[in-house]
Amino acid sequence: MSPASLRSRLDAATAHLDAPFAVIDMAAFHANAAAMTRRAAGKPIRLASKSVRCRHLIAEALGLDGFQGILAFTLPEALWLAAAGTSDDIVVGYPTTDRQALTRVAADKTAAAAITLMVDGPDHLDLIEKVSAGLPDPQPIRVAMDIDAGYESMGGRFRAGARRSPIRTPAEAARFAETIMSRPRFRLAGLMAYESQIAGVGDDSPGRPLYSRAVRLMQRRSAAELAVRRAAIVAAIRALTPLEFVNGGGTGSLAGTSAEAAVTEIAAGSGLYHPTLFDAYRGFTGQPAALFALPVVRRPGPGVVTALGGGYLASGPGTPSRVPSPYLPAGLRLDRDEGAGEVQTPLMGSAADGLKLGDRVWLRHAKAGELCERFSELHLIDGSSVVATVPTYRGEGQTFL
Ligand SMILES: Cc1ncc(COP(=O)(O)O)c(C=O)c1O
């Protein structure tokens with residue numbers, strides 16, 4: 001569909017709404033889900049809820065072929081999703097020190113059976129034990145071990161990948177597995193090794209050919225190193241105890257990670273909304289499904305309009321790749337000095353002259369679920385109409401991070 005006809009369709013579907021608002025184009029959402037499932041090649045996708053942040057759409061994705069279970073981002077979120085019946089298979093992807101939430105898991109049989117906590121060292125186990133020590137009937141706590149999947153070379157002087165777990169080698173992993181197994185309160189349910197330097201870093205960044213070449217080289221080496229190390233870690237732990245799951249990857253590595261025999265499932269979610277950071281991959285494309293509309297509220301001069309709102313920056317290193325991108329009408333760009341503003345956003349380019357007060361401009365966020373922290377609802381578009389309006393986490397009064 002041409003940008004002009006896409007814009008007409010979106011404008012027609014939302015003509016009754018006053019901007020700013022956010023939408024999900026459900027045809028794109030479903031096409032993206034199907035493409036993700038194909039790339040996962042038969043391995044289930046554990047839905048990264050932080051990348052969706054809308055219960056309705058989490059349930060929608062979990063109802064599709066190929067999606068199974070949730071990778072939550074906080075324990076209070078996991079408890080909320082479990083209590084709502086959204087899933088009974090929730091892995092919290094990051095460690096927690098939330099004593100209240102830990103007490104709730106340890107005290108509740110259903111929550112304890114549904115939720116797996118992430119741990120990477122004895123301190124995490126100590127904290128959980130301490131919190132639940134005084135409970136009358138503490139439940140067994142399911143845990144998963146986080147493994148450092150980062151890439152290191154030159155004796156550790158070069159490193160790529162998120163700084164997460166201190167556990168890196170099969171021997172370290174086996175030692176910690178034995179520690180977990182020696183403590184009766186815990187059940188080691190699975191492993192996670194998330195290669196953010198592959199799954200979350202585009203290898204084809206626009207206007208940066210040398211950087212992209214270096215990323216591709218790093219990713220090739222990292223994937224080869226990790227496949228061997230991850231298999232050895234999994235074998236070392238499986239020699240001690242059975243594992244329900246070995247989780248790896250993300251949207252940007254669905255195909256590569258799923259090809260590793262040692263990995264049983266991939267965690268991914270961003271691909272459903274397909275924000276701009278995921279345009280920068282050579283290996284796959286997606287359709288922008290999550291968009292937001294801003295109203296044109298003034299015209300400072302020729303070649304520029306100013307829209308209300310828009311400063312919805314994405315988390316991360318604070319680089320230009322994290323700002324929202326004007327999408328429709330085609331041919332608009334942010335002002336270099338003002339960027340996307342707290343209250344208003346100037347949009348430059350010849351397309352600005354075709355816009356009048358009250359018209360809307362469509363933008364894309366750099367990341368996926370973070371957009372939902374800005375809006376309390378998402379309007380779901382099917383064809384040229386809004387078929388439902390559903391609350392985001394924020395709209396349900398839930399702002400976990
Ligand atoms: C542990 C873990 N797995 C997987 C992912 C990938 O998620 P997505 O595909 O939604 O970007 C992330 C994202 O940060 C993550 O932290």
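Any read-out appearing in this document is the output of simple, stated calculations on the displayed coordinates, not a laboratory observation. Computed from a prediction, not measured in an experiment: that's the story for all the values here. A quick note on method: Cβ atoms are made from the backbone with ideal geometry, for glycine too, and the neighbour counts reach across all protein chains shown.
If packing is taken as the average count of other Cβ atoms within 10 Å, what order do 186-195, 136-145, 38-47 fall into, highest mean first? Mind dumping the intermediate values first?
On the way: 186-195: 23.2, 136-145: 17.9, 38-47: 20.3.
Listed from highest to lowest mean packing, they are 186-195, 38-47, 136-145.
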Note down the nm distance, to one decimal, between modelled labels 7 Å out along Cα→Cβ at LYS130 and at ALA259.
4.6
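May I ask you to compute the full-extension gain from GLN344 to ARG298, defined as 0.36 nm times their residue separation minus their alpha-carbon distance, rounded to one decimal in nm? Numbers along the way, then the final one.
On the way: separation 46, 0.36 × 46 = 16.56 nm, distance 0.98 nm.
Taking GLN344 through ARG298 to full extension adds about 15.6 nm, to one decimal.
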For ARG168 and ALA330, FRET efficiency with R0 = 30 Å and r from the beta-carbon atoms, rounded to 0.05?
0.05
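Between GLU225 and LEU401, what's the calculated FRET efficiency when r is the beta-carbon distance and R0 is 35 Å? Round to 0.05.
Details: r = 31 Å, r/R0 = 0.88.
For GLU225 and LEU401, the calculated efficiency is 0.70.
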ASP98-SER2 pseudo-label distance in nm [points 7 Å out on the Cα-to-Cβ vector]
4.9
Most exposed first, judged by fewest Cβ atoms within 10 angstrom, THR319, THR14 run THR319, THR14
Please report Rg (one decimal) and Dmax (integer) in Å for the Cα set of region 13-83.
14.2, 42
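Among 382-389, 167-174, what's the highest-first ranking by average C-beta atoms within 10 angstrom per residue?
Values: 382-389: 13.4, 167-174: 18.4.
My ranking of the peptides, most packed first, is 167-174, 382-389.
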I need the calculated FRET efficiency for the pair ASP123 and ASP359, taking r as the beta carbon distance and R₀ as 45 Å, to the nearest 0.05.
0.25
For the pair ARG185 and ASP18, the simple spin-label estimate (label points 7 Å beyond Cα toward Cβ) gives in nm 5.3
Give, in nm to one decimal, the length gained when the segment between ALA239 and ALA388 is fully stretched (0.36 nm per residue of separation minus the Cα-Cα distance).
48.7 nm
Computed over the Cα atoms of the chain, what is the ratio Rg over Rh, Rh following Kirkwood?
1.00
